[in-house]
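Step one of this worksheet: look at the structure below.
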Amino acid sequence: MDIPSFADLNLGVTLPAVFLALGTTVLLLIDAFLPKERRHLTAWFALAGVLVSFVLTLFNFGSSETALAGMFVADSFTGFMNLVALTAAAITILLSIDYLKRTGNARGEFYSLLLLSTAGAMFMASANDLIVVFVALELLSIPLYIMAAFRLNNAKSEESGMKYFILGAFSSAFLVYGSALIYGATGTTNLQEILASIGGIVEAGSSAIFYLVIGAALIVVGLGFKVAVVPFHMWTPDVYEGAPTPVTAFMSVGAKIGGFAALLRVLVTALPFLVAGQTVEPVWQNTIMIVAALTLIVGNFVAISQSNIKRMLAYSSIAHAGYIMMAVAAAANPFTADFAARSALIYLLAYTFTNLGAFAIALAIEKDDGSGTDIKDFVGLARSKPVLAAAMAVFMFSLTGIPLTAGFTGKWFVFQATMQAGLVPLAVIGVLTSVVSAFYYVRIIVNMYLSDGEGDEAAGATPLVNWAVYISFAGTLLLGVFPILATNLTETVTLLASVAP
Amino acid sequence: MQSLALIAPLIILLPSLGTIINFFWGPKLNERFSSLIGITASASTFVVWLVLFSYLNGNYYQPAIVDLPILDGWIRIPSVGLEIPWQQRIDTLSVTMMGFVTFVGTLIHIYASGYMHGDPRYARFFAYLNMFLAFMLILVSGNNLLMLFVGWEGVGLCSYLLVGFWFDKKHGVGLKNSNAARKAFVANRIGDFGMLMAIFLAFWTFGTLDLYKPTEVTNPHMMEALASGGGHGEEGAAPANGAAEEGGHGEEAPAGEEGAGDHTGSAAQLVSLASDLPIDQEGDHGEAAAEDHGESASEGHAGPVIAYTDNTHLTFSQLGIFAQAERLAQLGEGETLERGDGTTAGRMINFGAFELDIDTVITLITLFMLLGATGKSAQIPLFVWLPDAMAGPTPVSALIHAATMVTAGVYMMVRANSLFHLAEFSSLVVTIIGVLTALSAGYVAMGQFDIKKVLAYSTVSQLGFMVAAVGVGAYGAAMFHMITHAFFKALLFLGSGSVIHGVEHGHHHAHEHKHDDHGHDEHHAETFDPQDMRNMGGLRRKMPITYATYLIGTLALAGLYPFAGFWSKDEILADSWVAAIQDGKFAGFVALGLFVAAALTAFYMWRQIEMVFHGSPRTEAAEQASESVWSMTVPLVILAVLSLLGGFLNIPSGIGLFSFGLQGVFGEHTLSTWLEYSVVHLHVGAFQPLIAIVSLVLAVAAIILANRIYGSNKAINSEGLDPLEANPASRPIFALSNARLYWDEIYGRLFITPFNRTAAFLANVVDMAFLHDYFHDSVITKGFNGIGRLLSHPIDLGIIDGAVNGIGRLTRWISGGLRRTQAGYVRVYAVALLIGVVAVIVFMLLPVLQG
C-alpha cells in the first residue's frame, strides 16, 4: 500500500468540516480558560465558528474532488448539506443561549457538543467510504446522546438520553455489520470501488450477492434509525419529549441531514446496480418505498392524537422523514436519481427552516420547569404575541405544504421526483397523507387564533429566540416564493458516479 | 398598444402591497387610512383591468403572455426539463374573470369600509380582503397550472381567515364561525388533492404545465375568421378600405361598439413578427388603418396581420398542455409524433409500472380537476362548507365567497375546455354532479328559515347550473350565468343584509320601549334571531326600496323575462336541449333535470318574498323595522339595474322583438364571441323559443304555486310552522328539506367519526396498547421466556446461560435507572427494531431469491 503524499490528501476541500471539528476542541479550552463572568461568550465563539465554516463551505462550493485518499468527497451535494447543517447549528445556538440560562444548565461544553455533532453531519455528507460513514455517524450521535440528557436533575431528560443512547448503539451495530458484509462481498469499503465490483457479482450470479443485499439492508436499518422512519421510529417521541427543547430542535433536523446524506450517498453512489433479475431498479427500492409509505401513514395519523407539542412535532418529523424517503425511493431509478437527490436536498432545507422555527416557538412558550409544552398552551397566542403566532401559523402552513411556503416547494419537488420515477402509488400516498397532516397542523392555528383564552406571555421569547424565529420565517417564505434560490444551488448535484474512481 | 399588457403584474402586486401595509402597520393606522389603502389597492386593480381590457380590444383579442422579470425562471431545473415560468396570461377569458373579480371586489371593499366600522381588527380585515384579491387574480391570470394552484390554495387560505374572522363573537357564534372556517378549509383540502393529482398527471403526460405557450395560437377557427375577415385573407391585395367593411370581422365578430381602437400599432408589430406569413399581408394595410383610426368607429377594422392561423408549424413540445392533448388524442393506434427534441410520443403514456391510453389519461385528469372544482365551487360531495361559510360570518366574507371564490372551479373547467371536450365520460360525470347539486340544493333551500341560508343553498344550486353547463359543453353559457348570477346574488345578499339590519334595529327599538335602561344587543341576542324569516313578514311597507330591489333580484334569479337570469339560465337550458336532441348526448338529457331545478328556484325565492315582505308583521321587531340608510340602499339600486340589464350582455340570435331591439346596442352573442377567442370549444347557440316558453311557464307556475301556499298572510301559521310543515301530506317532504337532506349528519357518520376513531385507534390501540402492552406482554415476554426455556432446558450450556443472564442484568440495570418512568419500554423498542431489521432483510432478499 502506498503512503499518500500530503498533496494527495487534498486537505483543502475538507476544511469546512475539519475546521469545525478542530474548532470544538479549541472551544473547550476557551471555555475552560474564560473567567466565570465571561463564560457566556462561549456561545458567541461557537457561532463565529459556524459562520467561518459556512464561509469556507461557500468557497469550496461546486467543486468535485476527493480527499484523504478517496475516503472523503467534496462536491455540490456535500456543500449543500453542509450549508443546511450549519444553518441548523446556527439557529440552534441562538435558541440555546437563553434557554440553558433560564433552565439552569448554562455550561459551555454544550456548544462544543453541538459543533461536534454538526461536524459529524458534515462528515456524513462527505463520506465516500463505509468506514467514514460509521465514524461520522458516531461523531454525530454521541454528542446528541449527551445533549439529550443535558438537563441535570430532570428525570425525563436523563431518560431521554439513556433511551436514545441504548437504541442508538444498537442501531449503529447494524450499520457496522452491514458494512462488514459488503466488505466481505466486494473486498473494499470505498463507495466507487463497491460500485465497480457490483456489476461483476450481479452478472456472475455469485452467492456474494446475498452478503451485498443483507449488508445493504443493515445499512438501511442503521441509517433509518437515525432519520426515524417506521419501523425504527419508536424512540422518537419519548426522546424528543424528554430532551431539552433546543436539543430536540437540532436533533429533528441535524440527525436527519446526516442520515439522509449518508443514505443517499451509499445507496445511489455505491449500490445503484444491485439488481435482481432483469429489472433496472435496485433491490432496495421496494423496501425504501414500503418504509416510506409506512412512515407517512403512521407519522401523520398518530400525530393527530398527540396533545404535547413536542410529541406532535416528533411524529410530524417522522412523517417528514417519510417524504424525504419518497425521494430516496425515487433515487433508485437511475434516470431520475439526480433529480430525486436534488429534491431531497431542497426538502431538507425547507424542513430545516420550518421545523426549527416551529420548535423555536414551542421553546418560547415553554416554562422554565419544562412544562407549558401542551397544545392547549397555544390558546390565544394570537392575542398575546401576534407576531409569534403569525410566524407559527406560517410554519404550520409550511409543514402542511401550502403554496408560497418552503414546505410546498419541498413537497412539490419530492412528489415530482416520485412521479418521474414512476412511483405513482407512493406519490398518491404522499399527497393523501399531506392532506391528513392539515388536521393536526391547523389545530395549532385554530388554538392560536380561534379559541377563547388568555394567551401565554411567552416568557421564553427573548431577543435571541426572536431572531431565530425571524431567520426561520424568512427562510420559509423566501424558499416558498423563490424556489429558484434552492434549485440554483442544487443545479450541479450529481450523485450517480459523481467522482471518478 | 401591445406594451399595455406589460402592466399585468401590477394587478397582483397592488393588492399584495395593500396586504403588507395593512398587515404590518394596520394596527397603528386609523380606520379611515386602513380602508383607504384597501380600497385604493382594490380600485387600482380595476384600473389595471381597464387597461388590459383595452389592450385586448386594441389587439384583435389576441392573447398576451406577460413575464415578470424578477421571477423569470420561477421554478427551473434545465437538466430534467422542468421549467415553470411565472407568466400571466391576458386573454378574453382571464380578462373576463379579472374584470369580474376586480369590480365585485372593489364594491365589496367599499361596502366593508362601512360595515366593519368599529371592529377592533379593522385593518386586518382589509389585509385579508386584499390578499384574497391578489390570490384570486393569480388564479385567473396564471398561464400554468401551478400558478393556478398557488392562487387556488391562496384563496382557500384567505377564505379560512375571512370565514373565521368573527371567531370571538359571543353566544357560540364565534365557535360556529371557527367551525365553519375549519370545515371550509378541510373540504377545500380534499378538493386540492384532486387538483394536485391533476397537475401531476398533466406534467407527467405533457412535460409542461403551461396552458398555452407564448407562440401558440389559441383558437385556430377564430384566427381564420380574423385573418380572412380582417384583411380578406389570402386575396391580400384588397384595398385598405375594403377591410373597413362591417363584415370585416367575420360573422361572429362582436358588433364592435368598443372595437376600433388603436389597431395600428399592433398591426405593424405583427407584421414585423411575421416574416414568412402563410397569409400574406403588407404593411400598408396597417398604415391605411392608421389613417382610418379615430375618424369613425365603424371604420378602421383593417384587421390584424396574422402570422399563423393554426399551430401546425409548432413542434409538439412547443405546445401547451391543451394543444398537446388534442394532438395526442388525434393519433391513431400505434402512431407516433415527433416531440421536437428528438424523441417521439404516442397514444400510450408510460407510468412506470403500467401504460395508459391518452384518452384514459385525459379522463383521469379531468376527473381529478372535477374533484378540485367540487371543493372550490361547492358541488356534491364537497359543497357542505359553503352554506355554513355564508350563513354565519360577516356578510362581507359571505359575499366575497359567493361572488368570487366559488367561481374558481367553474373558471378552471372552462379554461380546460379542450380536455373536457375530449373526455366524454368526464363531461357526463360533470353534468350529473352539476344537476344533482342544482336539484338537491334547490330542494334544501325550500325548507330553510334562515334568510341567508336560503340564499346560500341557492348559490350552491346555481353553481350546479354552471357546472352542468360545462358538462354539456355550454362553456359560454356557464360563464354568462356566472356573471349574471354575481349581479343578482350580490343584490340579494346585500338586500338580506339590509333586512337583517332593519329587523335588528326594529327589535332594539321595540325593546327599548319596554325597558329603557338597556339596549345592547348582547343582552338579548340569545333569544331573538334577526335572520329567522319566521320573525319577519310585512316588511314591504316598512322597507320599500329594499323590497323593490329584492323583488327584482328574486325575479332575476327565478329566471323571469326580461331579467338577467332569464337569458343566462335559458342559454344553459337551450344548450342542454340542443346537446340532448340534436347531438344525442346523454349528458344533455341529464341536464334536462335543470328544468326542475329552475322551477324549485322560483318556488323557494317566492316563498322567501312572501315570508319576509308580504303579509303582516309577525313580531314586534318586524313591526318596528325601518328602511336602511342610503349607503346600503344605493348599492342595492345599482345592482338592481345590473340585474335587470345584465342579460343583454349575450342576447341570443333569432329572438326578434323580445329583446326590444337592444341587440342593436349590445350586439348579439357579445360575450360568447368575445370569449371564443380563448375558449376553443365554445359554441354560439341559437335561441330556442320552445325552451324559453317552457322555462318561463315553469317559473311562473312555481311562483303561482308558492303564492297559493304562502300568500295572503299564510306564510307562517299561528304555531310558527311552515304551511308545508303543518299539512300532514307534505310534512315529510318539508322535514327532509329542513334537515338539509341529512348531508352533514351523513358526513359525520361516514367520515368524521370514523376518521377520529381511526386516529385514536392508531394512537391508543396500535401504538400504545398493541405495541407497548399487548405486544410486550404476549409476544416479547412470553416469547422471551419461551425461547429462554427452550434454550436452557435441553442445551444447558454455560455460554447461553451467561448471555441470557447478561441481557437480564443489562435490562435490570437499564430499568433500574429508568424505574421512575416507563420502565422496560426500551426493551420493547429494541425488539421492535429487531423485528424491523428482519423484515427489511427478508423483504430485500426476496427478489434475489426469486430471481
Condition check for residue A:306: under 30 Å from residue A:440 (Cβ atoms) and assigned to a loop (DSSP other than H, G, I, E, B): yes
Would you pick out the residues in the range A:148-170 that are of a type outside the set (Gly, Ala, Ser) and in contact with a Phe, Trp or Tyr (Cβ under 7 Å, 6 or more places away or on another chain)? A:150, A:163, A:164, A:165, A:167
When residue A:270 is evaluated against the numbered criteria (1) touching a Lys or Arg at 6+ places or on another chain (Cβ under 9 Å); (2) farther than 30 Å from residue A:362 by Cβ, which criterion, by number, is the only one it fails? (1)
Tell me yes or no: at least one residue of the range B:89-98 is modelled with pLDDT under 85 and not in a helix (DSSP H, G or I). no
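Condition check ((1) within 30 Å of residue B:183 (Cβ to Cβ); (2) in a helix (DSSP H, G or I); (3) in contact with a helix residue (DSSP H, G or I) (Cβ under 7 Å, 6 or more places away or on another chain)) across all residues:
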position: A:402; (1), (2), (3): yes, no, yes
position: A:407; (1), (2), (3): yes, yes, yes
position: A:412; (1), (2), (3): yes, yes, no
position: A:444; (1), (2), (3): yes, yes, yes
position: A:457; (1), (2), (3): no, no, yes
Considering the range A:309-333, residues that are among the polar types (S, T, N, Q) and at pLDDT 90 or above, and then whichever is nearest to residue A:377 (Cα to Cα), we arrive at A:316
Residue A:334 is checked against (1) in a loop (DSSP other than H, G, I, E, B); (2) in contact with a Ser or Thr (Cβ under 9 Å, 6 or more places away or on another chain) and fails just one. What number does that condition carry? (2)
Of B:151, B:174, the only residue that is closer than 30 Å to residue B:94 by Cβ and either in contact with a Cys (Cβ under 9 Å, 6 or more places away or on another chain) or not assigned by TED's automatic domain parsing to the domain that holds residue B:121 (or both) is B:151
Please determine whether any residue of the range A:114-124 is of a type in the set (A, V, I, L, M, F, W, C) and surrounded by fewer than 20 Cβ atoms within 10 Å (Cβ to Cβ). no
Got a sec? Which of A:331, A:382, A:393 is crowded, with 24+ Cβ neighbours inside 10 Å and either among the aromatic types (Phe, Trp, Tyr) or touching a residue at least 24 places away in the same chain (Cβ under 8 Å) (or both)? A:331
From the list A:219, A:214, A:257, exactly one residue is within 24 Å of residue B:849 (Cα to Cα) and crowded, with 24+ Cβ neighbours inside 10 Å. Which is it? A:219
With buried (at least 24 other Cβ atoms within 10 Å of the Cβ) and within 21 Å of residue B:576 (Cβ to Cβ) as the only criterion, which of B:440, B:458 stands out? B:458
Those helices (runs of 4 or more DSSP H) completely within the range A:180-254 that have 1 or more residues that are within 12 Å of chain B (Cβ to nearest Cβ) are A:191-204, A:208-227, A:235-242
In this structure, does residue A:285 turn out to be within 14 Å of chain B (Cβ to nearest Cβ) and crowded, with 24+ Cβ neighbours inside 10 Å? yes
With respect to the numbered conditions (1) in a helix (DSSP H, G or I); (2) over 30 Å from residue A:452 (Cβ atoms); (3) at pLDDT below 95, which one is the sole condition not fulfilled by residue A:388? (2)
Is it true that residue B:86 is at pLDDT 85 or above, among the aromatic types (Phe, Trp, Tyr) and more than 19 Å from the chain's Cα centre (by Cα)? yes
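Okay, residues lined up against (1) buried (at least 17 other Cβ atoms within 10 Å of the Cβ); (2) at pLDDT below 85; (3) within 33 Å of the chain's Cα centre (by Cα):
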residue	(1), (2), (3)
B:627	yes, yes, no
B:647	yes, yes, yes
B:653	no, yes, yes
B:662	no, yes, yes
B:665	no, yes, yes
B:669	yes, yes, yes
B:673	yes, yes, yes
B:678	yes, no, yes
Would you pick out the residues in the range B:689-710 that are hydroxyl-bearing (Ser, Thr, Tyr) and within 15 Å of residue B:609 (Cα to Cα)? B:710
Just one listed residue, out of A:265, A:311, is within 13 Å of chain B (Cβ to nearest Cβ) and basic (Lys, Arg), and it is A:311
Among the residues of the range B:170-182, are any within 23 Å of residue B:132 (Cβ to Cβ), away from chain A (no Cβ under 11 Å) and over 26 Å from the mean Cα position of the chain (by Cα)? yes
Residue check for residue B:16: closer than 20 Å to residue B:132 by Cβ, touching a residue at least 60 places away in the same chain (Cβ under 8 Å), within 14 Å of chain A (Cβ to nearest Cβ) and in a helix (DSSP H, G or I): yes
Subset of the range B:203-224 [within 11 Å of another protein chain (Cβ to nearest Cβ) and not in a loop (DSSP other than H, G, I, E, B)]: B:203, B:204, B:205
When (1) at pLDDT below 90; (2) facing chain B (nearest Cβ under 10 Å) are applied to residue A:456, the one that fails is (2)
Just for the range B:329-360: of the residues that are more than 20 Å from residue B:425 (Cα to Cα) and among the polar types (S, T, N, Q), which one is nearest to the chain's Cα centre (by Cα)? B:350
Tabulated pairs, the range A:429-450, first free of Cβ contacts under 8 Å to residues at least 40 places away in the same chain and facing another protein chain (nearest Cβ under 7 Å), second part of a helix (DSSP H, G or I) and among the aromatic types (Phe, Trp, Tyr), C-beta under 9 angstrom, 6+ apart or interchain: A:431/A:415; A:431/B:193; A:431/B:200; A:432/B:193; A:435/B:193; A:438/B:185
Would it be correct to say that residue A:429 is in contact with a Leu (Cβ under 6 Å, 6 or more places away or on another chain), assigned to a helix (DSSP H, G or I) and not hydroxyl-bearing (Ser, Thr, Tyr)? yes
In the range B:702-737, what residues are part of a loop (DSSP other than H, G, I, E, B) and among the charged types (D, E, K, R)? B:714, B:719, B:722
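The values are calculated or read from the model by the stated rules, or taken from the named source; none is laboratory data. Just so it is clear, the structure is predicted and the values come from calculations on it, not from any experiment. Note that each Cβ is placed from the backbone with ideal geometry, even for glycine, and that neighbours are counted across all protein chains shown.
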